[in-house]
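Below: the structure, in structure tokens.
Throughout, read-outs are computed from the coordinates displayed, never taken from laboratory work. Just so it is clear, the model here is predicted, and its values are computed rather than measured. Glycine also receives a Cβ, built like all others from the backbone with ideal geometry; neighbour counts cover every protein chain displayed.
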């Protein structure tokens, strides 16, 4: 098979690798037909992470199921499925509590698209092994275009978790999204409205993202150094230490800030302001597994429209150029071989 390899900053290459094989009764082999870069992938490609090359890259995709182990019951050959970014068994204590990103039965941090927690391959590759097929794979409903829900593997579902949890405790609250990380910033705007936010304010330095957020119904504010308006729910989608600090200072008394940014070093936070305002703060690798089905249903019902964030749709031949570009959410596609 061909695998997309990260070889160093801005260096990607297709290489021939051995086809993955089913190694256990619970496993499946899938073939990605729509793969997208999450914001971590973009940071990896740009050389902004402490990860050492080479390795197969990519941890967002929709795939077709090519083969299954003899113990797989729920997943069928030929199904089109979302492949979650983290490896998880679905049956351990943490998985049953919804913490699929911290599965007890795999090496810590096991995932697709990096060398952390073992080599599970990358979701831009032609074939991928799924260790726990019935637990991990989520069928894409009829009527949902696989191209636009590749991000349900990670960013789109991460955004839904980030906004829906605090809004469930504060129905109808106004939401402030501090953008900058990339496509997930805009998914946060869309999912905030889907989760019942009365209004959304979007702050960013990027004019293109500000304009797009406005088309979703958000109030755009061009970022400067002034203090941000207080909100009960604040989403840090900046992946920038200074913006995270500003987001935390914008949380109204008793409110909550959730960060979907990835930080590779310890950063300073305004702990005294947070203490004074009784602020709750949550950050962590998203356990998307239990939430993907809900996100797909929102897309099927047209409550969410992630296609508005998709900027380029390309084949394998143009994948490397598209992933190096600044396009917000390019998607690499392959034709199906099963029907």
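General remarks:
- The modelled label-to-label distance between residue 334 and residue 267, using points 7 Å beyond Cα along the C-beta direction, is 3.5 nm.
- Note on the chain: with a GNM built from Cα contacts shorter than 10 Å, the maximum mean-square fluctuation among 66, 271, 147 falls on 271.
- The antiparallel fraction among DSSP beta bridges confined to the stretch 156-283 stands at about 0%.
- Springs join every pair of Cα atoms under 10 Å in this Gaussian network model of the chain, and among 36, 276, 28 the largest mean-square fluctuation is at 276.
- Once you reduce the stretch 236-292 and the stretch 20-93 to the center of their Cα atoms, the two points are 28 Å from each other.
- Compared with the alpha-carbon gap, the fully stretched path from residue 199 to residue 280 is longer by 27.1 nm at 0.36 nm per residue.
- Of 160, 14, the sequence from fewest to most neighbouring Cβ atoms within 10 angstrom is 14, 160.
- When you count the other C-beta atoms within 10 angstrom of each residue and take the mean per peptide, 2-10, 91-99, 245-253, 222-230 line up highest first as 245-253, 2-10, 91-99, 222-230.
- Alpha-carbon spread of the stretch 156-283, three principal axes, descending order, Å: 37, 29, 26
- If the Kirkwood radius is taken over C-alpha pairs of the stretch 214-287, then at 37 °C and 0.692 mPa s the Stokes-Einstein diffusion coefficient equals 253 µm²/s.
- Whole-Å distance, taken between Cα centres, linking the stretch 128-187 and the stretch 304-327: 18 Å
- For the stretch 55-112, taking Cα atoms only, Rg and Dmax work out to 12.7, 31 Å respectively.
- Panel order for 321, 60, by other beta carbons found within 10 Å of each beta carbon, from fewest to most: 321, 60.
- Max mean-square fluctuation residue, GNM over the chain, Cα-Cα springs under 10 Å, options 186, 156, 304: 304
- Sum of -39500 (n - 2.57) over DSSP H runs of 4+, divided by residues of the chain (222 nm, nearest 500): -6500 deg cm²/dmol
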